[in-house]
Amino acid sequence: MSFDKIRDEIAELSESLNTYNRLYYLESAPTISDQEYDQLFQRLRSLEEEYPDLKRSDSPTQRVGSAPSGEFSQIAHRIPMLSLDNAFSNEDLLDFYSRIGQKVDGEVSLFAEPKLDGIAVSLMYIDGVLAYGATRGDGQTGEDITANVKTIASIPLRLSGDDLPSELEVRGEIFMPRSVFDELNLEAQKREEKVFVNPRNAASGSLRQLDSRITAKRKLMMNAYSVGYSSEPDRYRLHSESLSDLRRLGFVINPLVECLDSTEAIGSYVQKLTALRSELDYEIDGIVFKADKLADQQTLGFVARAPRWAIAYKFPAERAETTLEDVEFQVGRTGAITPVARLSPVFVGGVTVSNATLHNMDEVARLGIKIGDRVAIQRAGDVIPKVAARIGAGAFGRNIELPSHCPVCSSEIEQEGSIARCSGAMLCPAQLKESIKHFVSRKAFDIDGLGDKLVDQLVDKEFVLSPIDIFDLNTPNLVLLERMGQKSAENLISAIESSKQIELSRFIYALGIREVGETTASTIARELDDVMGLFSLTPDVLESLDDIGPVVARHVMVFTSNQDNRSLVRRLLEKGVECQMPTQVRESSESVFAGKTVVLTGTLPNYSRDDLKALLVAVGAKVSGSVSSKTDYLVAGEKAGSKLKKATELNVQVLDEAAALALLNQN
Ligand code: IVH
């Protein structure tokens with residue numbers, strides 16, 4: 001092969017691999033299979049090894065990292081990387097909004113972005129090719145982390161599209177998704193290595209690896225949030241425009257960014273992000289608000305090290321310090337005993353917390369806490385507050401000891417691995433209350449008006465000693481309870497009456513069999529011809545069901561082999577409870593597609609793939625996204641690519657739309 005041809009092939013491979021990479025990571029729309037990608041990648045790699053001089057600076061082979069080459073060198077930023085002033089309350093935020101409103105002409109619109117908790121990065125592109133990447137450092141000079149940033153899939157090695165400024169510096173945040181962080185720490189734990197404290201530290205540690213092959217394995221991400229230096233500084237009028245352009249060039253812009261132009265909009269954005277925060281797969285510690293008009297930014301300028309046109313609203317701290325006043329032991333529905341910390345009230349994550357779970361005695365030992373200690377409390381989003389760490393000793397130190405007997409019913413406590421359990425079962429009022437609460441809960445009998453406080457009273461007054469007693473309650477009895485009038489009593493009785501018609505899956509769930517949640521309950525219900533069939537299930541049958549393993553099967557067997565439980569179910573039926581059998585999943589056994597795995601690809605002449613998929617699913621087909629040896633049919637339209645090729649290789653039957661419809665209409 002001539003030198004020119006090889007150069008061309010290397011160029012073509014680099015470009016198409018970069019495109020495939022972008023489609024895969026940025027648009028979640030892969031166009032070729034992983035295998036095909038790997039093949040092209042290996043071909044490029046071997047060409048580059050043979051002709052190292054022809055390797056391009058945007059070569060995707062750099063994504064896997066390279067061996068260390070000495071220390072990080074320093075890079076001076078063309079424009080300093082500043083920090084932001086903080087706002088700690090809505091008031092601070094509205095002050096900022098009105099302050100800038102007074103200084104600029106016309107309406108101010110703000111652009112809001114989540115403040116990602118990662119590492120700031122500056123990326124310089126020269127003629128569209130990534131020239132270097134640097135950390136923020138002291139704001140004036142950062143470290144050259146080019147080799148490391150090149151391994152990050154969401155950072156383009158070459159900008160896409162034309163019409164590029166010859167020099168463009170893009171700024172953004174590199175972070176580690178929580179899911180990647182959890183996985184990384186789990187692995188570290190298994191190998192008995194040190195774990196990272198938080199995703200930010202893990203991202204920072206991964207980025208500051210001299211060996212970029214390690215960075216490559218850490219699955220870091222980048223969201224771009226501004227243009228730094230540009231050889232065409234007047235290209236945009238709005239900050240939001242610059243971000244849209246960065247998106248066009250191949251960067252990921254956080255999907256939660258928004259343009260806001262009133263105090264109400266600002267308020268509801270803060271509320272929205274505060275609520276969303278704990279559900280995101282990445283950590284955010286606040287919201288950055290920026291004046292959207294670049295002319296306004298000019299007018300407002302800078303103070304010291306921060307711009308006047310932007311502010312970082314910080315979420316309320318999710319960690320706070322307080323004193324552990326006492327530890328009490330709570331008994332759950334299954335008898336599990338949980339140590340609960342009683343704390344001096346402390347404001348954390350936006351609420352006042354005075355109780356926090358300690359999970360179990362292993363956790364107490366791990367934390368090494370004593371009553372009286374100073375402790376750190378953590379509360380993120382709506383998550384239950386927990387004691388995160390011991391900070392230091394308090395005035396007194398009393399050991400936390402697991403009682404030998406249940407604090408509620410005095411039955412003996414039995415140890416099951418790390419879980420301590422009260423052996424009192426339904427004789428323990430705490431377990432009884434929790435079981436009844438579960439029995440009447442929304443996903444079970446769903447009895448409206450029978451809340452926790454009422455259940456506590458019913459058990460305490462011994463009106464209810466078993467779920468059966470619920471169906472013997474009557475209005476004259478109920479009105480004897482606190483805060484219960486004639487009308488609410490009557491309503492409750494009628495709610496109880498109508499709850500008797502219950503789906504079998506809910507009934508099974510209501511029984512509170514250990515480890516049987518709503519999904520498992522539905523799985524079991526689908527297997528039964530009637531309720532009492534529950535008691536004839538064998539471990540083999542149970543384990544043959546979806547998602548039921550030996551542990552769940554054993555719990556079901558422990559429940560069903562107990563005569564008391566059999567008589568409980570019988571007596572519930574005698575009280576008039578009627579279980580409705582699940583409607584069978586419509587699996588037309590007549591259809592050739594029933595139970596078959598079908599893949600759709602290409603453009604179909606008449607149907608969209610989603611519509612055809614719906615028809616197939618309705619007759620019991622499983623529609624999957626990729627072709628494998630388990631595929632029964634491939635329905636292929638125009639421009640069917642790799643899937644068609646693979647199906648042919650694997651001898652999978654290929655149908656066009658007309659043939660698929662003919663088979664669908666056969667019965
Ligand atoms: S703008 C002059 N936007 O927050 C404006 N910063 O103190 C400078 N950060 O470490 C930054 N998300 O890396 C901006 N959407 C965002 C951001 C963001 C996170 C970080 C930034 C820097 C710190 C600013």
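The values are calculated or read from the model by the stated rules, or taken from the named source; none is laboratory data. Note that the coordinates shown come from a computational prediction; the quantities given were computed from them, not determined experimentally. Glycine also receives a Cβ, built like all others from the backbone with ideal geometry; neighbour counts cover every protein chain displayed. SASA here: full protein model, heavy atoms, side chains in, ligands and nucleic acids out. Shrake-Rupley method; radii C 1.70, N 1.55, O 1.52, S 1.80 Å.
Run T322 past the list (1) in contact with a Gly (Cβ under 6 Å, 6 or more places away or on another chain); (2) more than 30 Å from D234 (Cα to Cα) and report the number of the one that doesn't hold.
(1)
Got a sec? Which of R208, R191 is within 16 Å of the ligand (Cβ to nearest atom), open to solvent by 20 Å² or more (accessible area, probe 1.4 Å) and either without any contact (Cβ under 8 Å) to a residue 40 or more places away in the chain or charged (D, E, K, R) (or both)?
Selected residue: R208, the only one of R208, R191 that is within 16 Å of the ligand (Cβ to nearest atom), open to solvent by 20 Å² or more (accessible area, probe 1.4 Å) and either without any contact (Cβ under 8 Å) to a residue 40 or more places away in the chain or charged (D, E, K, R) (or both).
Out of F175, F181, I need the residue that is within 16 Å of the ligand (Cβ to nearest atom), in contact with a helix residue (DSSP H, G or I) (Cβ under 6 Å, 6 or more places away or on another chain) and not β-branched (V, I, T). Which one?
F175
When the residues of the stretch 148-169 are filtered to those that are in contact with a Gly (Cβ under 7 Å, 6 or more places away or on another chain) and either among the hydroxyl-bearing types (S, T, Y) or in a strand (DSSP E or B) (or both), which remaining residue is farthest from A76 (Cα to Cα)?
Among residues in the stretch 148-169 that are in contact with a Gly (Cβ under 7 Å, 6 or more places away or on another chain) and either among the hydroxyl-bearing types (S, T, Y) or in a strand (DSSP E or B) (or both), the one farthest from A76 (Cα to Cα) is S160.
Of these, R398, R483, which one is open to solvent by 70 Å² or more (accessible area, probe 1.4 Å) and over 21 Å from E328 (Cβ atoms)?
R483
Which ones in the stretch 467-497 are touching an Asp or Glu at 6+ places or on another chain (Cβ under 6 Å) and under 23 Å from H438 (Cβ atoms)?
A495 - this is the single residue of the stretch 467-497 that is touching an Asp or Glu at 6+ places or on another chain (Cβ under 6 Å) and under 23 Å from H438 (Cβ atoms).
So which residues in the stretch 91-127 are in a strand (DSSP E or B), away from the ligand (no atom under 16 Å from the Cβ) and open to solvent by 20 Å² or more (accessible area, probe 1.4 Å)?
First, pick out the residues of the stretch 91-127 that are in a strand (DSSP E or B): 110-116, 119-126.
Next cut, away from the ligand (no atom under 16 Å from the Cβ) only: 124-126.
Within the stretch 91-127, I126 is the sole residue that qualifies.
Taking the residues in the stretch 229-256 that are open to solvent by 20 Å² or more (accessible area, probe 1.4 Å) and within 13 Å of the ligand (Cβ to nearest atom) as candidates, determine which candidate is farthest from the chain's Cα centre (by Cα).
Ranking the candidates gives S240 first.
Please go through the stretch 632-651 and pick out each residue that is within 11 Å of S33 (Cβ to Cβ) and among the hydroxyl-bearing types (S, T, Y).
S642
One residue is enough: does the stretch 129-147 have a residue meeting the conditions assigned to a loop (DSSP other than H, G, I, E, B), away from the ligand (no atom under 15 Å from the Cβ), open to solvent by 10 Å² or more (accessible area, probe 1.4 Å) and touching a residue at least 24 places away in the same chain (Cβ under 8 Å)?
Initially, the stretch 129-147 is screened for residues assigned to a loop (DSSP other than H, G, I, E, B), giving 136-140, 145.
Pick out the ones that are also away from the ligand (no atom under 15 Å from the Cβ) and you get none.
Among the residues of the stretch 129-147, not one is assigned to a loop (DSSP other than H, G, I, E, B), away from the ligand (no atom under 15 Å from the Cβ), open to solvent by 10 Å² or more (accessible area, probe 1.4 Å) and touching a residue at least 24 places away in the same chain (Cβ under 8 Å), which makes the answer no.
How many of the residues in the stretch 617-651 are hydrophobic (A, V, I, L, M, F, W, C) and touching a residue at least 40 places away in the same chain (Cβ under 8 Å)?
3
Is it true that some residue in the stretch 284-298 is open to solvent by less than 50 Å² (accessible area, probe 1.4 Å), away from the ligand (no atom under 16 Å from the Cβ) and more than 28 Å from P233 (Cβ to Cβ)?
no
Looking at this structure, is D85 within 14 Å of the ligand (Cβ to nearest atom), open to solvent by 70 Å² or more (accessible area, probe 1.4 Å) and touching a Pro at 6+ places or on another chain (Cβ under 9 Å)?
Yes, satisfied.
Would you confirm, using the coordinates I've provided, whether R566 is closer than 30 Å to I468 by Cβ and over 34 Å from the mean Cα position of the chain (by Cα)?
Taking the combined requirement at face value, the residue satisfies it.
Please indicate, with yes or no, whether at least one residue in the stretch 541-551 is of a type in the set (A, V, I, L, M) and loosely packed, with under 13 Cβ neighbours inside 10 Å. Show your work before the answer.
Step one: of the stretch 541-551, the residues of a type in the set (A, V, I, L, M) are 541-542, 545, 548, 551.
Then keep just the ones that are loosely packed, with under 13 Cβ neighbours inside 10 Å; that gives 551.
Yes, the stretch 541-551 contains a residue that is of a type in the set (A, V, I, L, M) and loosely packed, with under 13 Cβ neighbours inside 10 Å.
Can you give me the number of residues within the stretch 244-285 that are part of a helix (DSSP H, G or I), free of Cβ contacts under 8 Å to residues at least 60 places away in the same chain and not charged (D, E, K, R)? Outline the logic, then answer.
Initial filter on the stretch 244-285 (part of a helix (DSSP H, G or I)): 244-249, 263-279.
Now drop any that are not free of Cβ contacts under 8 Å to residues at least 60 places away in the same chain, which leaves 244-245, 247, 264-265, 268, 271-272, 276.
Filter once more, keeping what is not charged (D, E, K, R): 244, 265, 268, 271, 276.
The qualifying residues number 5.
For Y229, all conditions in the list (1) out of contact with any helix residue (DSSP H, G or I) (no Cβ under 8 Å at 6 or more places or on another chain); (2) in a helix (DSSP H, G or I); (3) within 26 Å of I155 (Cβ to Cβ); (4) not hydrophobic (A, V, I, L, M, F, W, C) hold save one; what is the number of the exception?
Y229 satisfies all of (1) out of contact with any helix residue (DSSP H, G or I) (no Cβ under 8 Å at 6 or more places or on another chain); (2) in a helix (DSSP H, G or I); (3) within 26 Å of I155 (Cβ to Cβ); (4) not hydrophobic (A, V, I, L, M, F, W, C) except (2).
For the stretch 357-462, which fully contained helices (runs of 4 or more DSSP H) count at least 3 residues that are modelled with pLDDT of 95 or more?
429-440, 452-460
Condition first: part of a helix (DSSP H, G or I), out of contact with any Ser or Thr (no Cβ under 6 Å at 6 or more places or on another chain) and within 22 Å of L432 (Cα to Cα). Can you find one or more residues in the stretch 533-541 that meet it?
No, the conditions are met nowhere in the stretch 533-541.
How many residues are more than 24 Å from S226 (Cβ to Cβ) and of a type in the set (A, V, I, L, M) if we restrict to the stretch 164-201?
The qualifying residues number 6.
Give just the number: which of (1) touching a Gly at 6+ places or on another chain (Cβ under 7 Å); (2) under 23 Å from D117 (Cβ atoms); (3) open to solvent by 20 Å² or more (accessible area, probe 1.4 Å); (4) away from the ligand (no atom under 16 Å from the Cβ) does Y225 not satisfy?
It is condition (4) that Y225 fails.
For the stretch 60-75, what are the residues that are touching a strand residue (DSSP E or B) at 6+ places or on another chain (Cβ under 7 Å) and open to solvent by 70 Å² or more (accessible area, probe 1.4 Å)?
Q74
Find the residue count for the stretch 299-328, including only residues that are assigned to a strand (DSSP E or B) and either within 16 Å of the ligand (Cβ to nearest atom) or open to solvent by 40 Å² or more (accessible area, probe 1.4 Å) (or both).
14
When residues of the stretch 507-523 are filtered for being at pLDDT below 95 and either in a helix (DSSP H, G or I) or surrounded by fewer than 16 Cβ atoms within 10 Å (Cβ to Cβ) (or both), how many remain?
9
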